[in-house]
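Only one structure is covered here, and it is reproduced in the block below.
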Amino acid sequence: MEKIQCQCGHLNPPGTVLCEACGRSLTEKEQKSKLVDMRYEGTARRSQTYNKSIIDKIWNFFSSVKVGVSLIVLLLVAAAIGTILPQKAYIPATTAAEIKAYYTDVYGSVGRVYHFLGFHDMYSSFWFILLVGLLAISLIVASLDRFVPLYRSLKNQRVLRHISFMNKQRIFADGPGADDSLQKAEAKLKELKYKVTTDKNGLLAEKGRFSRWGPYVNHIGLIIFLFGVMLRMMPGFYVDESLWLREGETRAIPEAPGYSLESKGFELETYTGEDDEAVFNEAIDRVGSVAKNYQTDIVLYQKPEDSLPGATDLEKVKESSIRVNEPLKFDGYAIYQMDFRLDELKAMKFQLTNKETEESLGELTIDLINPEKTYEFENGATVNLLGYYPDFSGFENGEPQTATPLPNNPGFLVEMKTPETPDGETSFITIKNTVEPFGENQYKLAFQAAETRDVSGLTIRKDRTLPILGLGGLIFMIGVAQGMYFNHRRFWIQQKADGEILLAGHTNKNWFGLKKDLDQVTEYASLPAYVDQQEEIEKAEKLESEEQS
Amino acid sequence: MNEKKNKKKQNRLIMRSAILLVLIAAIGYTIYNSATADDVTVLEVGDKAPDFALADLEGNDHKLSDYKGQGVFLNFWGTWCKPCAKEMPAMDRQFDVFKDQGVQVLAVNIAQSDFEVQSFSDQYGLSFPIVIDKTKSVMTAYNIRPLPTTVLINPEGEIERIVTGEMTEEDIKGFMEEIKPE
């Protein structure tokens, strides 16, 4: 494409609508319209002008506002669909296969398609990230493509514009003025905080140009925000893990290398409804109980620098409690009280009794977390633990099985030796029943009592991207304020040799404010009365349509 | 004039290509990261295997770095895990063959009681050392999710291969060949 030469002699880049120098309309369409299109100052959006190599074509694609809006609409629709069925984090399944099965089982074929398309984990699905990424490209390319010519154009503004530019502005005045009109107008405009430049017989007054950068600042904020979100996927920037911690256990904290946590106890307090808690009585009557406090008392340990994972020489960092909304904080991490399970089995107490006489030889307690092999009684009787199955799930080839390592349904294979039965009697004991595999026994272990412990559900969080997200958000808001609450107002005034004044005014928004400024200047400098040409056009159209009807 | 124009055009092309390339690379990297996000601090083949120290049933400390120069067959398991139990005898048989060729088997139990681990070991008559990761710190350091997981470490202390799920005796034999010192 060739450059466009304006009648004034200025060479404009191809695609330009209004001459950069004098403001004359350069396209036929523009010449015919009553008002000029001031978007981007009539400059050529750069990508429209070159469309040659494949790179230019890609660039051009992303520069289009239509493409940007389409991407936003796609994202909105996708995000909306993503709320129809629960995300995978909120369903009671953990492994990939279970999750897949869950969607099919619960939601039928819709669920299957939903899962297949990745809506169950939408924010991590590749197409969602791809869409956001394409939107980011669109933001950057479209902004660059518009910002650069706009900046250039506003930087190189000429004071004197051609009449065809001025009389096509929305605010236009034309008529006789006083001798000192131009000087007075300049003085008044300066008083109104306009930046005034003069050239020969004309002036350009300008205020709030920076408001034109609002959208671009805003986009920079968005890009920074998206960058922060991207960082979340990098190791070390964002941690969101959970840990089930049983009373008395010490566990390495996931994603917090070197740190371990011990639970000293979990506590669930409810309101008693007595004394100053009487206000809760109504609620307690209605729902049974009202929680007052969820608390895990913990000890935080760190392994010494020169020590290895697995070593037992942990150093105590601090002892404190985690309560709802009062997380444990250390080294950028925060550990929150999120969940609990009460009364998991911890130990079981039995009595060794003679089945016939019901005479007891004594008690033994089996620690379900760390059972011992042999339990001895005073009178010489012993109980040997032959096998321990914390979560007994049945027999396989005559072998007792355990489904999990947790003592949900403990099973014990024991050998009881008493002075009466020195050869020993074998028995397999579970909570529900007792099996005597080698014939009738004389002795049994009679269940007495169980000790339990509580489990704390904790969440480990770390987010190094928060400052970046905050910065992005702040810049975004600055951009919004810049573009919304400030306006770029301009006046062009020329006085011809015969004293006639030509005046044009433009603002990117808030025409009311512009007119208020102009009213003051007109009065002070005795300028001709101005016309709001758009209002005139609208009025005329209205009149026309009324006449027709 | 024409030369200047061509130069400008070339600069523009380079500029645009560079910007698009950077952005596309960023998106690609993000998608890649998200696809592998299941294991956040991922251990990869070729990484140095994190050192650790765990005690076995006799109370002897086993440090991974002590086995430098030998191939280490590091198997994470639990007594409740059936595929773990199935592959144990095969591991034991292959350990018998390869132990004189510089391959060490270390079985890391996940936080179970000494009693359970000891009875399991007795039941299967296992001869390789079994250590217990009482606080799951080694499991966390290796980011082990499913059991069994076997990490194969070469004599240089680097991860040669990570195997999740049950292995056949053939597999085990092949893996031990892989990490056998030259």
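The values are calculated or read from the model by the stated rules, or taken from the named source; none is laboratory data. In this text, all values refer to a predicted model and were calculated from it rather than measured experimentally. All Cβ positions, glycine included, derive from the backbone under ideal geometry; neighbour counts span all protein chains shown.
Results, tabulated for the structure shown:
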item: Residues of region B:28-51 that turn out to be part of a loop (DSSP other than H, G, I, E, B) and modelled with pLDDT of 85 or more, as a count; result: 6
item: Top-ranked residue of region A:259-280 - restricted to ones that are of a type outside the set (D, E, K, R) and surrounded by 19 or more Cβ atoms within 10 Å (Cβ to Cβ), ranked as nearest to A:Asp339 (Cα to Cα); result: A:Phe266
item: Qualifying helices (runs of 4 or more DSSP H) (wholly inside region A:112-191; at least 1 residues being surrounded by 19 or more Cβ atoms within 10 Å (Cβ to Cβ), within 14 Å of another protein chain (Cβ to nearest Cβ) and more than 24 Å from the chain's Cα centre (by Cα)); result: A:126-155
item: A:Arg112 vs. criteria within 16 Å of A:Trp59 (Cα to Cα) and of a type outside the set (A, V, I, L, M); result: no
item: All positions within region B:146-158 that are surrounded by fewer than 21 Cβ atoms within 10 Å (Cβ to Cβ) and away from chain A (no Cβ under 13 Å); result: B:Thr149, B:Asn154, B:Pro155, B:Glu156, B:Gly157, B:Glu158
item: Residue check, A:Phe210 touching a Gly at 6+ places or on another chain (Cβ under 7 Å), touching a residue at least 60 places away in the same chain (Cβ under 8 Å) and closer than 30 Å to A:Tyr485 by Cβ; result: no
item: Any hit, region B:101-117, residues being without any contact (Cβ under 8 Å) to a residue 12 or more places away in the chain and either assigned to a helix (DSSP H, G or I) or touching a strand residue (DSSP E or B) at 6+ places or on another chain (Cβ under 6 Å) (or both); result: yes
item: Subset of region B:73-92 that is assigned to a helix (DSSP H, G or I) and within 12 Å of chain A (Cβ to nearest Cβ) - its residue that is nearest to B:Lys136 (Cα to Cα); result: B:Cys84
item: Residues that are over 14 Å from B:Gln70 (Cβ atoms), in contact (Cβ under 8 Å) with a residue 60 or more places away in the chain and among the charged types (D, E, K, R), drawn from region B:146-176; result: B:Arg161, B:Glu166, B:Glu169, B:Lys173
item: Complete set of residues in region A:322-343 that are more than 16 Å from A:Ser242 (Cα to Cα), touching a Leu at 6+ places or on another chain (Cβ under 9 Å) and surrounded by fewer than 16 Cβ atoms within 10 Å (Cβ to Cβ); result: A:Leu342
item: Qualifying positions in region A:32-61 - in contact with a helix residue (DSSP H, G or I) (Cβ under 8 Å, 6 or more places away or on another chain), in a helix (DSSP H, G or I) and modelled with pLDDT under 85; result: A:Tyr40, A:Glu41, A:Gly42, A:Arg46, A:Ser47, A:Gln48
item: Subset of region B:119-145 [facing chain A (nearest Cβ under 8 Å) and either under 21 Å from A:Pro407 (Cα atoms) or touching a residue at least 40 places away in the same chain (Cβ under 8 Å) (or both)]; result: B:Ser119, B:Val131, B:Asp133, B:Lys134, B:Thr135, B:Lys136, B:Ser137, B:Val138, B:Met139, B:Ala141
item: Residue list for region A:238-260, filter: within 9 Å of chain B (Cβ to nearest Cβ) and not hydroxyl-bearing (Ser, Thr, Tyr); result: A:Val239, A:Glu241, A:Glu249, A:Arg251, A:Ala252, A:Ile253, A:Pro254, A:Glu255, A:Ala256, A:Pro257, A:Gly258
item: Matching residues, region A:80-106, being surrounded by fewer than 13 Cβ atoms within 10 Å (Cβ to Cβ) and either among the aromatic types (Phe, Trp, Tyr) or not assigned by TED's automatic domain parsing to the domain that holds A:Ser124 (or both); result: A:Tyr90
item: Enumerated strands (runs of 3 or more DSSP E) restricted to region B:124-182, each holding at least 1 residues that are among the charged types (D, E, K, R) and either under 17 Å from B:Gly46 (Cα atoms) or outside the structural domain of B:Asp114 (by TED's automatic domain parsing) (or both); result: B:159-164
item: Condition met for B:Gly165 (within 20 Å of the chain's Cα centre (by Cα), surrounded by fewer than 19 Cβ atoms within 10 Å (Cβ to Cβ), within 14 Å of another protein chain (Cβ to nearest Cβ) and small (Gly, Ala, Ser)); result: yes
